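Notes to accompany the following structure.
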Amino acid sequence: MLNKSTVALYLIFALCVFALCLYISFNNPVTSDGASLFLEAKDMADGNILLRGWTLSTVSFYFTEAIWYTIVIRIFGDSIYLMYVLPAVFYTITIMLVFALSHTDGKMKWSIAALIPCVIISSPMASTMTLGTCVHVGTIIFALVCLNMLRCDKHTIAKLACVTTLTVASVFSDSIFNYYITIPIVVTFVVHLLINKDFSKWRYVFAVIVGVVIAKFLTLVANYFGLLNTPGTQPPAFVSYENIPSNLNLFIVGIIQYFDAFIFGKQFSVSNAMIFSRFAVMIFWLALLVVAIKKRFKASFVDTALSISSVLLPVAYVASNMPVDLDTTKYLVFSFITGSALIARYLNSQAEQRLYAFASTIILIFIFIPSGRYELPNSRVQDISKFVRDNNLGDGYGTFWVASAVTLFKNGDVRPITFTDENKAVRLNWLSNKAWYGFKSRYIVTEFKHDIDKILNQYGREGHIKEIDNAYIIYYDDARIVIE
């Protein structure tokens, strides 16, 4: 049992982590993906709990994120500040779960130091992939709870039921959970069965498999009744031969940017000292990960699972059609997390070095500490919303990357559209609700200059054009635009 002083220290640590996460979160602009999920949750809070009429994206995030946003919106309202506070809460929970997972036999002297570089303190790139809405963090939380359950020697019915429930919720909502937990756990069980003749975790593996089966059944039921419609994407496939160099490049650059350590083209100077320091820490982290996998792979079921989780997604990333651009580095976040936990477990198992651990923590905080302010970032969607309000334009239409984000500022609902091959504006069946369309509007917002002629040709050349930070508002004196 934890004593009062330990609980107090954990609470202080959690509050400090939350403050840091909020500090970083407030530097991220609202994205249309995140805004769309927030609008989903708002609709659920208003009674459309099964999201009837909605077309979602590739996964629903229903139980991993949307339902939690719904609950909070019901309690506190739909303030845009929740778009910053809730991701900070989610990621604080993530860090606390990783911190718990990094302990070995009660030892925690290296835990914080090992987690700082790419878990506790998020770089500019990492913050967009961990401190935002609709970025798999809810799934990561469920996966980390499952991994922490593995640390228990005794698996009670309640714990196994918890694992099954979390697996059902995760696989139904976000299939990447299979790469986080399902595959690593099954492979780990086979490894321990072959090497150690250890059959003790079979109940845990069974609980996960049952959860996957139930989730697949629920997906079939939802599809049958036309609920939580998620358009499919390109199925997983091996990378084509000519794209191997591109995948490797995205993989390497993604890791470097995740540590905010891109030194290439930088001059040796005092102003660049921190970047070079972060690059050195990144190399050391990667080297430690290799050593930790080698030394801890057979140490316990948890260590084996962490080792496999740390390697599985990077291999899948390089060898598949998964990489598209640097934003797809988000699929590697769980590997950074499990890798950091494994490094912490390895360092904790070494000789007592509390002074070095403390000194390393202070140095790493100094190297990686971010800068920012507690206020909403001034983004173009906010400026677009202000223009809509100042010109009394009301509700309108817009291309995806600006539409839903502008809507959050409550100066006018902007509904997502796309353009056909015939250059006609039509409803976008992606993160949208068919009930949104059919009204008359005065304007369309687009982030593409080449869309301007398409809009003017369809609705009249007399439209006015306002440019705001590489986005364009085409508006008319009368409400002539109707998109069904």
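In vacuum, with every alpha carbon of region 316-418 counted as one equal point scatterer, what does the Debye formula give for log10 I(q)/I(0) at q = 0.24 Å⁻¹? Two decimals, please.
The Debye formula, applied to the Cα set alone, gives -1.16.
Using the membrane-span-like helix rule (whole DSSP H runs, Cα extent along the own axis of at least 30 Å, mean Kyte-Doolittle hydropathy at least -0.5), which helices of the chain qualify? Kindly include the intermediate steps, with their values, before the conclusion.
Values: long enough: 4-25 (31 Å, 1.98); 202-224 (33 Å, 1.58); 273-296 (33 Å, 1.60).
Going by DSSP H runs, the hits are 4-25, 202-224, 273-296.
Given the pairs K330/K466; K295/K330; K410/K449, which are separated by over 32 angstrom at their Cα positions? Mind showing how you got there, number by number?
Numbers: K330/K466 34 Å; K295/K330 28 Å; K410/K449 25 Å.
In this structure, K330/K466 exceed 32 Å between Cα atoms.
Kirkwood hydrodynamic radius, region 209-321, all distinct C-alpha pairs: what's the number in Å? Working shown, then result.
Working: mean 1/r = 0.0554 Å⁻¹.
It works out to 18.1 Å.
Report the dimensions of the chain along its three principal axes from the alpha-carbon atoms, largest first, rounded to Å.
Computed over the Cα atoms, the extents are 76, 60, 54 Å.
Compute the semi-axes of the equivalent ellipsoid of region 106-263, taking the square root of 5 times each eigenvalue of the Cα gyration tensor, and list them largest first in whole Å.
With the √(5λ) rule applied to region 106-263, the semi-axes are 29, 25, 18 Å.
So how strong a dipole does region 380-482 carry about its Cα centre when Lys and Arg Cβ are +1 and Asp and Glu Cβ are -1, to the nearest 20 debye?
Numbers: 15 positive and 14 negative charges, 59 e Å.
Using Cβ point charges on Lys, Arg, Asp and Glu, region 380-482 gives about 280 debye.
Give, as a single signed number, the net charge of other residues whose beta carbon lies under 15 Å from the beta carbon of A126, with Lys and Arg counted +1 and Asp and Glu -1.
Net charge around A126: 0.
Based on the alpha-carbon gyration tensor of region 190-265, what equivalent-ellipsoid semi-axes (square roots of 5 times the eigenvalues) come out, in whole Å, largest first? All intermediate terms of the calculation are to be shown ahead of the outcome.
On the way: eigenvalues 247, 145, 40 Å².
Computed over region 190-265, the values are 35, 27, 14 Å.
List the extent of the Cα atoms of region 328-484 along each of their three principal axes, largest first, rounded to whole Å.
Extents along the principal axes, in whole Å: 75, 31, 28.
Based solely on its DSSP helices, what 222 nm [θ] is calculated for the chain when runs of n ≥ 4 H residues each add -39,500 (n - 2.57) and the sum is averaged over all residues, nearest 500 deg cm²/dmol? Please report the intermediate quantities before stating the final value.
Numbers: 18 runs with 262 residues, N = 484.
Result for the chain, helices only: -17500 deg cm²/dmol.
Within a 10 angstrom radius of the beta carbon, how do H464, H192, H450 rank from fewest other beta carbons to most? Write down the numbers at each step before the final one.
Values: H464 12, H192 19, H450 9.
Going from sparsest to densest Cβ surroundings: H450, H464, H192.
Determine the sum of side-chain charges near F142: Lys and Arg each +1, Asp and Glu each -1, restricted to other residues whose C-beta is under 15 angstrom from that of F142. Present the calculation step by step, with values, prior to reporting the outcome.
On the way: positive: K159; negative: E65, D174.
Cβ neighbours under 15 Å give a net charge of -1.
Read the figures in this text as sums done on the coordinates, not as results from a lab. Owing to the predicted nature of the structure, the values given are computational and were not obtained by experimental measurement. Here the Cβ is made from the backbone with ideal geometry for all residues, glycine too, and neighbour counts use every protein chain on show.
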